[in-house]
Amino acid sequence: MPVIAMINQKGGVGRTSTCHHLAGALADAGRRVLLVDNDPQASLSQGIFGCDVVRDLDPRQTIAGVYRLEIPDPRRIIHHTCVNGVDLLIGSKHVHAFNQPTPQEADRKLRGALGEAIAEVRDLYDLILIDCPPTLFLCTYAALLASDALIVPMQPELYCVQEMVDVEDFIDLVRLHNGRLALLGYLLTMVNPLLSIHKLWERKFRAVLGGDAFRGRIPVATDFKESILIGKPVSHYKPRSAAAKVMRELASEVDERLERQAAAKGAA
Ligand SMILES: Nc1ncnc2c1ncn2[C@@H]1O[C@H](COP(=O)(O)OP(=O)(O)O)[C@@H](O)[C@H]1O
Ligand SMILES: [Mg+2]
């Protein structure tokens with residue numbers, strides 16, 4: 001039942017896609033997964049249920065109810081998806097209003113609301129993945145307060161590497177209030193193995209991060225995009241594809257890293 005947040009302040013680095021496809025691969029391996037759409041853009045929810053369904057929902061049936069401190073029972077805003085074993089806490093554009101740039105100044109109840117909602121259901125799942133917005137504002141802060149671990153997806157590009165310092169400072173800030181938060185790893189996404197600039201950045205990235213970088217990396221592949229178009233993770237759209245294999249391997253590495261972290265915490 002570990003809770004993992006997917007964070008980066010840069011947009012379009014593959015946070016939402018990684019949540020979606022990783023959940024599919026984990027469910028394939030028999031896990032019960034809760035996806036939490038904590039991004040006011042609600043891309044994850046729209047990718048799974050369609051834009052109209054998400055737009056027409058009463059905000060109280062979404063994560064907005066959590067931030068409005070209105071939801072006594074989070075099970076009311078969690079929905080089964082078309083993938084057996086994957087549930088979704090639906091996102092909402094109404095969360096924009098709460099996503100303030102100075103989270104540490106926000107009301108303590110507001111910062112802790114997501115963690116409280118997740119705490120009520122965490123025993124029902126083997127793993128909880130929180131998709132976050134492309135900001136290090138209140139929603140990301142709340143997600144990290146609620147999490148045991150985090151994954152930082154990033155593309156092998158200069159602009160992404162530049163963001164790392166801010167992300168690390170933000171993690172340190174949250175750790176003052178959540179001592180159990182641990183880095184699960186930096187994850188290279190949308191890698192084009194044919195581009196020499198990507199090869200160069202990957203070498204640098206691994207030299208600097210060592211074991212903090214996932215061994216696995218997510219390549220650029222049309223199968224990832226196509227599967228989202230039909231609302232399924234790639235494991236359920238094209239189970240035999242290279243893209244599905246990558247996500248199965250990533251799911252195993254996530255398990256391996258979580259086990260290592262649990263062992264390290266047990267020994268401490
Ligand atoms: N491995 C990939 N191969 C091809 N396209 C991808 C891949 N990962 C993500 N994308 C596409 O890149 C865009 C940004 O990805 P997304 O997961 O929404 O990023 P974020 O949530 O970080 O903003 C989307 O259009 C998505 O379909
Ligand atoms: Mg996203």
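At a glance:
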{"read-out": "Calculated from backbone phi, Karplus (6.51, -1.76, 1.60) coupling profile of the stretch 189-200 in Hz, x at Gly/Pro", "value": "10, 6, 7, 9, x, 7, 8, 5, 5, 5, 4, 4"}
{"read-out": "With at most 14 neighbouring Cβ atoms within 10 Å, loop trypsin sites (Lys or Arg not before Pro) (DSSP) excluded, longest segment of the chain", "value": "1-179"}
{"read-out": "Whole-angstrom gap from the stretch 44-64 to the stretch 220-254, using each part's C-alpha centre", "value": "23"}
{"read-out": "Net +/- balance of residues flanking Arg15 in space, Cβ distance below 13 Å, scoring K and R +1, D and E -1", "value": "-3"}
{"read-out": "Cα extents of the chain along the three principal axes, largest first (Å)", "value": "50, 40, 36"}
{"read-out": "Whole-Hz couplings from phi, Karplus 6.51/-1.76/1.60, listed for the stretch 61-76; x for Gly and Pro", "value": "8, 10, 5, 4, x, 5, 5, 7, 6, 10, 9, x, 10, x, 4, 6"}
{"read-out": "Extension reserve of the Leu183-Cys51 stretch, reckoned as 0.36 nm per residue once the Cα distance is removed", "value": "44.3 nm"}
{"read-out": "FRET efficiency estimate (nearest 0.05) - Cβ-Cβ, Leu173 to Met1, R0 22 angstrom", "value": "0.30"}
{"read-out": "Dipole magnitude (debye, nearest 20) for the chain, charges at Cβ of Lys, Arg, Asp, Glu", "value": "500"}
{"read-out": "Interchain or long-range residues, amide H under 5 Å from Val191's placed H", "value": "Ile218, Val220"}
{"read-out": "For the stretch 82-163: rounded, prolate or oblate by the Cα gyration tensor [a/c cutoff 1.5]", "value": "oblate"}
{"read-out": "Which of Asp28, Asp39, Asp52 has the fewest Cβ neighbours within 10 Å, and the rest in rising order", "value": "Asp52, Asp28, Asp39"}
{"read-out": "Gyration tensor (alpha-carbon) shape descriptor, the stretch 30-154, a/c threshold 1.5", "value": "rounded"}
{"read-out": "Distance (nanometres) between label positions extended 7 Å along Cα→Cβ at Arg260 and Gln162", "value": "3.1"}
{"read-out": "Distance violations [Cα-Cα > 27 Å] among Lys225/Lys245; Lys245/Lys265; Lys199/Lys245", "value": "Lys245/Lys265"}
{"read-out": "Translational D in µm²/s for the stretch 113-262 (Stokes-Einstein at 37 °C, 0.692 mPa s, Kirkwood Rh from C-alpha pairs)", "value": "194"}
{"read-out": "Computed [θ] at 222 nm, helices only, for the chain once each DSSP H run of length n ≥ 4 contributes -39500 (n - 2.57)", "value": "-14000 deg cm²/dmol"}
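Just so you know, all these numbers are worked out from the coordinates, no wet-lab data involved. Owing to the predicted nature of the structure, the values given are computational and were not obtained by experimental measurement. Cβ coordinates were reconstructed from backbone atoms using ideal geometry, including for glycine residues, and neighbour counts include every protein chain displayed.
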